[in-house]
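Shown next, in structure tokens, is the structure this report addresses.
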Amino acid sequence: MKVVSGNLKGRSLLSPSNKKIRPTGSRARSMIFNTLNSMLKKEGLNLSDLRVLDCFCGSGSIGIEALSQGAKNVLFLDSSYESLSLTKKNCEKLKLSKKSLFHHANILDEISFKYVFDLIFLDPPYGQDVVMKAIKNLYIHKCIKENCFGVFEVDKKTYIKEENFFKIIKIKKISNSAFFFFQNFLVIISFQIIFQYRQFLIQHMLDVRDCIVQKKECFPYL
């Protein structure tokens, strides 16, 4: 298993001996970051601007890929000490410890972090209905920014339904996996509301103007 992009491209990663830990493959990682970089570019952003949360980090391959591409820092989170230990070894091997944080927790519990995150990855064990619960928990505890981007990785048969606080931008499938790219919906909604309210005010002002004009025509001394 190797890093597929960025400054550390080609560097080897330690692979898990436990088959329950399922690292995201190199082809999928390449697709994920090509897609993300395209999305970020449209917003005038790049990975170097972002704080990243890698949930269900496993071997750390996704978060390490983000660091290789210049992410500000990454917090690796997992409920498995074995996964966190493997991730920490990989970060130490690649001299990424200064930009890496490690947190042992269940993402569904009450949580708080030092940072609010710009980009999140959620890659839970397949077949467990935890993605929506996890993102809602992060949202409720104010762990993600209003313009946050993210990626859900799930079994290809799983479908993630949009909620009122995020919008699915793209869906891609590789082998047995589906990848949902999303953006926090609050910012999008707020811009829509502002635009609609602006249009309402403009129309209201035009109506008032018409009323004044009509009154002046009827009552020239007003």
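Screening segment 46-74 for residues that are in contact with a Cys (Cβ under 9 Å, 6 or more places away or on another chain) and part of a strand (DSSP E or B) and picking the one that is farthest from Ser97 (Cα to Cα) gives Leu53.
Here's the yes/no breakdown for (1) part of a loop (DSSP other than H, G, I, E, B); (2) in contact (Cβ under 8 Å) with a residue 40 or more places away in the chain; (3) of a type in the set (Ser, Thr, Tyr); (4) touching a helix residue (DSSP H, G or I) at 6+ places or on another chain (Cβ under 6 Å):
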position: Thr24; (1), (2), (3), (4): yes, yes, yes, yes
position: Arg29; (1), (2), (3), (4): no, no, no, yes
position: Ser38; (1), (2), (3), (4): no, no, yes, no
position: Gly44; (1), (2), (3), (4): yes, no, no, no
position: Phe76; (1), (2), (3), (4): no, no, no, yes
position: Ser83; (1), (2), (3), (4): no, yes, yes, no
position: Cys91; (1), (2), (3), (4): no, no, no, yes
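For segment 70-93, a tally of residues being crowded, with 21+ Cβ neighbours inside 10 Å and not acidic (Asp, Glu) returns 10.
Scanning segment 8-22 for residues that are among the basic types (Lys, Arg) and in contact (Cβ under 8 Å) with a residue 12 or more places away in the chain returns Lys9, Arg11, Lys20, Arg22.
Quick check: anything in segment 114-121 farther than 26 Å from Gly70 by Cβ, within 17 Å of the chain's Cα centre (by Cα) and not aliphatic (A, V, I, L, M)? Within segment 114-121, none of the residues are farther than 26 Å from Gly70 by Cβ, within 17 Å of the chain's Cα centre (by Cα) and not aliphatic (A, V, I, L, M). Can Asn184 be described as at pLDDT below 80 and buried (at least 20 other Cβ atoms within 10 Å of the Cβ)? Yes. Annotation: of all residues in segment 94-135 being out of contact with any Asp or Glu (no Cβ under 9 Å at 6 or more places or on another chain) and aromatic (Phe, Trp, Tyr), the one that is surrounded by the most Cβ atoms within 10 Å (Cβ to Cβ) is Phe117. Across segment 93-106, the number of residues qualifying as among the polar types (S, T, N, Q) and part of a strand (DSSP E or B) comes to 1.
The values are calculated or read from the model by the stated rules, or taken from the named source; none is laboratory data. Note that this is a predicted model, so its numbers are computed, not measured. We place every Cβ from the backbone using ideal geometry, glycine too, and count neighbours over all the protein chains shown.
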